[in-house]
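**Student:** Shown below is the structure under consideration.
The values are calculated or read from the model by the stated rules, or taken from the named source; none is laboratory data. What you see is a predicted model; the values in this text were computed from it and never measured. Positions of Cβ are backbone-derived with ideal geometry, glycine not excepted, and every protein chain shown enters the neighbour counts.
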Amino acid sequence: MAVMRSAVLAFALSGLLQLPMAGAQQPFITVASTTSTEQSGLFKHLLPVFEKKTGIRVRVVAQGTGQALDMGRRGDADVVFVHDRVAEEKFLAEGFGVQRFEVMYNDFVLVGPKSDPAKIAGGRNIIEAYKKIAAAAAPFASRGDKSGTHAAELRLWKMAGIDPQTGKGGWYRETGSGMGPTLNTASAMNAYAFTDRGTWLSFRNRGDLVVVVEGDRQLFNQYGIMLVNPAKHPHVKKDLGQAFVDWVISAEGQKVIADYKIGTDQLFFPNAKR
Amino acid sequence: MNSLGEAFTAAWRLIAGFDAELAQVVGLSLQVSLTAVVIATLIGLPVGAMIAVERFRGRQALIVLLNALMGLPPVVVGLLVYLLLSRAGPLGSLGILFTPTAMVIAQAILITPIIAALSRQTLEDAWREYDEQLRSLGARRITAGMTLIWDTRFSLLTIVLAGFGRAVAEVGAVMIVGGNIDGVTRVMTTAIALETSKGDLPLALGLGIVLLTLVIVLNALAAVIREMALRRYG
């Protein structure tokens, strides 16, 4: 017993001592990014190439865009890689970012049940589709988490002249969680949901859900990248972080992004201005 | 539900295939939670023993508080530790946010009250039984406390296992302070949450089965040790 206990103790303590050292031998940066880039598998495809070239390890913390930007504001990330231009420009204006670079885009799609209670399948006009959903009071699952996707969804409701909060408790259901969990919810209750295409393509638990509206210009989804301002947070790994930003928008980084496919579908379309 | 069948198939494939990535995630889960439970025991057990044998003002209030803290929501602990360790927080200069160390701290905070409160109860019950005996031997309170801990060691082991179970099963705290970073702070529970997010429910449940299997093995090990010790010490 005593032997066992001290053995466990020794194991645990040696573990604790090693913990802070884990990965310390290799330089790394912390990137605050979104669930869409992580869960679509892009980072698993992109980061090893960067690491191999530079020896810099990239640690990704994936959250909604709002949370990711807050992580940058608190100085807990070196780089933010998100998709909500309005929020990103606010972040810049507050002085938390150095400079914003556009990286790539994909698009949002509206998914919904095959039964299509709002009769909008096959449409290309997202605003019209929103109006019909509200009119039919068809179930709609929203992120409700201040993410980039949530912000885009809310802008579209506004353009449709509808306040979805009036449907709260009824047809409009805020899950307050990530894209995946929201799609799980939508799939379980046959609701419409607004999602980025990347997450949708890699999502497995679709149930009866299919894409009902796509191809509207309003559904454009731009991703941007910024180094967190070292003037605000002196501990930011300026050189390593900038190396990552530079590589992502370089010809090589852009090509690696373009090469990422699920099946035959390309998920992200690089459009950095160089 | 054929996805349940798929989950068991996935679990079996994960265990039989011995995936290096999975082994690393499992290893980190064990490392973090075992370290947390050792720290929590080193703090919680003496605190529990002290409250069990000492009489002081505010003791009852402290007991109520400890018992209440057993219900600490992991996500609240996670948030608290996050705000402390964040660069903008008071301990930000340590730079240990999003490391396994931060996860150990959060889990230790989560389970110390459990170990303290439960061991307090166990030791106090034993104290009532042996009170006079120990007193007649002229044992000082600290000696009495040590004797009680030794006498109830098997009940205490169960308490420590309960603490470990809570630590290894929680996701709220480690998700926030660890960040679920691939290869650095990803543990079993955050991996399960991630696969659920991706809609790969069979894989998520499969990982859950692996975690459960692991906890069963650990508990069986503890039971065997207990049996062996019982036989040796009578």
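**Student:** Go through the residues of the range A:91-100 one by one and say whether even a single one is closer than 21 Å to A:G215 by Cβ and either outside the structural domain of A:P234 (by TED's automatic domain parsing) or modelled with pLDDT of 95 or more (or both).
**Tutor:** Looking for residues that are closer than 21 Å to A:G215 by Cβ and either outside the structural domain of A:P234 (by TED's automatic domain parsing) or modelled with pLDDT of 95 or more (or both), one finds none in the range A:91-100, hence no.
**Student:** To continue, here is another question. The conditions are (1) modelled with pLDDT of 95 or more; (2) farther than 18 Å from A:T65 by Cα; (3) hydroxyl-bearing (S, T, Y), and A:T166 fails exactly one of them. Which is it?
**Tutor:** Among (1) modelled with pLDDT of 95 or more; (2) farther than 18 Å from A:T65 by Cα; (3) hydroxyl-bearing (S, T, Y), the lone unmet condition for A:T166 is (1).
**Student:** If you don't mind, another one. Please work out which residue is farthest from the other protein chains (Cβ to nearest Cβ), limiting yourself to the range A:197-237 and to residues that are part of a helix (DSSP H, G or I) and out of contact with any strand residue (DSSP E or B) (no Cβ under 7 Å at 6 or more places or on another chain).
**Tutor:** By that ranking, first place goes to A:R217.
**Student:** Are there any pairs with C-beta distances below 6 angstrom linking a residue in the range A:210-230 that is within 25 Å of A:V98 (Cβ to Cβ) to a residue that is surrounded by 21 or more Cβ atoms within 10 Å (Cβ to Cβ) and among the charged types (D, E, K, R), with the two at least 6 apart or on different chains, and if so which?
**Tutor:** The qualifying pairs are A:N221/A:D196; A:G224/A:E88; A:V228/A:D78.
**Student:** Could you please give the count of residues in the range A:165-183 that are away from chain B (no Cβ under 14 Å) and closer than 18 Å to A:D84 by Cβ?
**Tutor:** Total satisfying the criteria: 1.
**Student:** Now for a different question. Pick from B:F154, B:F164: which is surrounded by fewer than 22 Cβ atoms within 10 Å (Cβ to Cβ), within 13 Å of chain A (Cβ to nearest Cβ) and either assigned to a helix (DSSP H, G or I) or among the basic types (K, R) (or both)?
**Tutor:** Sole residue among the options that is surrounded by fewer than 22 Cβ atoms within 10 Å (Cβ to Cβ), within 13 Å of chain A (Cβ to nearest Cβ) and either assigned to a helix (DSSP H, G or I) or among the basic types (K, R) (or both): B:F154.
**Student:** How many residues, within the range A:184-196, are within 12 Å of chain B (Cβ to nearest Cβ) and part of a helix (DSSP H, G or I)?
**Tutor:** Counting residues in the range A:184-196 that are within 12 Å of chain B (Cβ to nearest Cβ) and part of a helix (DSSP H, G or I) gives 5.
**Student:** For the structure I just gave you, tell me whether B:I176 is out of contact with any Ser or Thr (no Cβ under 7 Å at 6 or more places or on another chain), of a type outside the set (G, A, S) and either crowded, with 20+ Cβ neighbours inside 10 Å or in contact (Cβ under 8 Å) with a residue 40 or more places away in the chain (or both).
**Tutor:** yes
**Student:** Do we have A:F91 as aromatic (F, W, Y), farther than 24 Å from A:S177 by Cα and crowded, with 17+ Cβ neighbours inside 10 Å here?
**Tutor:** No, not satisfied.
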